[in-house]
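Beneath this line is the structure, given in structure tokens, with notes to follow.
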Amino acid sequence: MTDASVPANGTPHEVLAGLGELTRKVRAAQRGTWFPLLLLGALTLGGILVSRLTYRMLTVPCPDPGGCTLVRQGSPLYWPIGLGLAYLATAVFYVRRARRRGVGTAVRPYVLTGIALLAVVAATSLWVTRHGMPQPGEPLDLWGLHLDPASPATRFVARLTGGALAVGLPLLVLARVERSRALLLLAVLYLAVELLPPGTGWAGIAITSPWAFLPQYALPGAVLLLGALGFALAERTRGRAA
Amino acid sequence: MTNDQPAQHPVTAQHPVTAQHPATAQHPVTALDDVVHQRVRLGILTVAHQARRVEFGFLRTALGLTAGNLSQHLTVLEKAGLIAVEKGYEGRRARTWLTLTPDGDRALRAEVAQLKRLIHEFEQEGPAPAS
């Protein structure tokens, strides 16, 4: 507690200011933002490796007489299992930390939101997989909606039902429960990176390249890991100052 | 309250607005609850409100109190039904956790509202005219 927070006398204004400072101190003790960000960042970068290892390029029949090239990448199990474990580990981390520090945790809404939205994303992914990936020229079956895979709206929905929904929106909830403006900014930045169209051939990487997913995972992964680093350093600085 | 506490939090210092005067019957100060308004107890309730569940040691450090002093205030709040105290063990360490009851939550909100009203009235009235 710094001397600057000690009021010269006890007016109601100063009492409220003192209570505000106490509240901030409790919030600081409750926060452990760096941990979920570290897990999510590592998981996102791990997606690059999974995409590379599962890369398959097929030539399939299509209206074009020369045939069409179909690229398949990624595992339908990686994100549901990885994110599920990340949310579980985050809950355990916060509960253990709360016991050690002697102050309750507010992480439950974050974990429950994350798991619920992960279930939505996993169910969507399962639906698309079971109803078959669209062949060139065919519509994409998404919960019974037959969407044009090439349309910007479909691409936006595809981006939304990924990291934005399963990672970004829960981060907004975490920012709310931890009353952290810094995390709110980070979550908005993450959502922007996830939702903005990357464009084809981004950074000189062809869409048929085994590394085509590199920018799609590297950018949000870097945002999350840099956020984790920033929050860890801030927490360490606060710990030394206390 | 003892005088040998080296690092008191602002809320643990004595507050001058606890006494009620007959002439101030309609003044917000009359709505302040003495049990809640005492600054240590106000601090305890504030921490418990934010933390949901808080351990004795954390409170003692956060408020800069001695164990005996904090225990006395916790007893007052528990008897008033504003907090619930739960004793247990974590490993071989005895730990005391406390949570805010619904009555405690209401009392804290009412207290903060009265303090804000007091500030508002003070600012509306402005300084007293010079005699």
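Classify segment A:1-109 from the C-alpha gyration tensor, please: rounded if a/c falls under 1.5, else prolate or oblate depending on whether a/b exceeds b/c.
Details: a/c = 5.16, a/b = 3.29, b/c = 1.57.
Verdict is prolate for segment A:1-109.
Taking amide H positions as placed 1.01 Å from N in the peptide plane, with prolines and chain starts having none, which residues 5 or more places from residue B:95, or on another chain, fall under 5 Å of its amide H?
B:88, B:89, B:90
Based on other C-beta atoms within 10 Å, arrange A:25, B:116 from fewest to most. Don't jump to the answer; show the numbers that get you there.
Values: A:25 22, B:116 14.
Least crowded to most crowded, the residues run B:116, A:25.
As I understand it, the value is the acute angle between the Cα axis of helix A:12-30 and the longest principal axis of the Cα atoms of chain A; what does it come to in degrees, rounded to 10?
50 degrees
On average, how many beta carbons from a partner chain sit within 10 Å of the beta carbon of a residue in A:19-30? Spell out each step's value before the answer.
Numbers: counts 15, 2, 4, 12, 5, 1, 7, 11, 2, 0, 7, 3.
Average per residue, whole number: 6.
With a ≥ b ≥ c the root eigenvalues of the C-alpha gyration tensor of segment A:57-116, is it rounded (a/c under 1.5), prolate (a/b larger than b/c) or oblate? List each step's numbers first, then the result.
On the way: a/c = 7.80, a/b = 4.65, b/c = 1.68.
It is prolate, given that a/c is not under 1.5 and a/b is the larger ratio.
For chain A, just say rounded, prolate or oblate: build the C-alpha gyration tensor, square-root its eigenvalues into a ≥ b ≥ c, call rounded for a/c under 1.5, and beyond that prolate if a/b exceeds b/c, oblate if not.
On the way: a/c = 2.79, a/b = 2.64, b/c = 1.06.
Verdict is prolate for chain A.
Apply the Karplus parameterisation 6.51 cos²θ - 1.76 cosθ + 1.60, with θ equal to phi minus 60°, to every residue of segment B:47-52 and state each ³J(HN,Hα) to the nearest whole Hz, in sequence, with x for glycine and proline.
5, 5, 5, 6, 7, 6
Could you go through segment A:172-182 in sequence order and give the Karplus-derived ³J(HN,Hα) for each residue, using 6.51 cos²θ - 1.76 cosθ + 1.60 with θ = phi - 60°, rounded to whole Hz, and x for Gly and Pro?
Result, ordered by residue: 5, 5, 4, 4, 5, 6, 8, 6, 10, 5, 4 Hz.
Would you work out the relative contact order for chain A, in percent, from Cα pairs under 8 angstrom that are 6 or more residues apart?
With pairs under 8 Å counted, the relative contact order is 26 percent.
For chain A, take the longest principal axis of its alpha carbons; what is the angle in degrees between that and the long axis of helix A:108-130, to the nearest 10 within 0 to 90?
0 degrees
We did not get these values from a lab; they are worked out from the coordinates using the rules stated. It should be emphasised that the depicted structure is a prediction, and the values quoted were computed from it without experimental measurement. We place every Cβ from the backbone using ideal geometry, glycine too, and count neighbours over all the protein chains shown.
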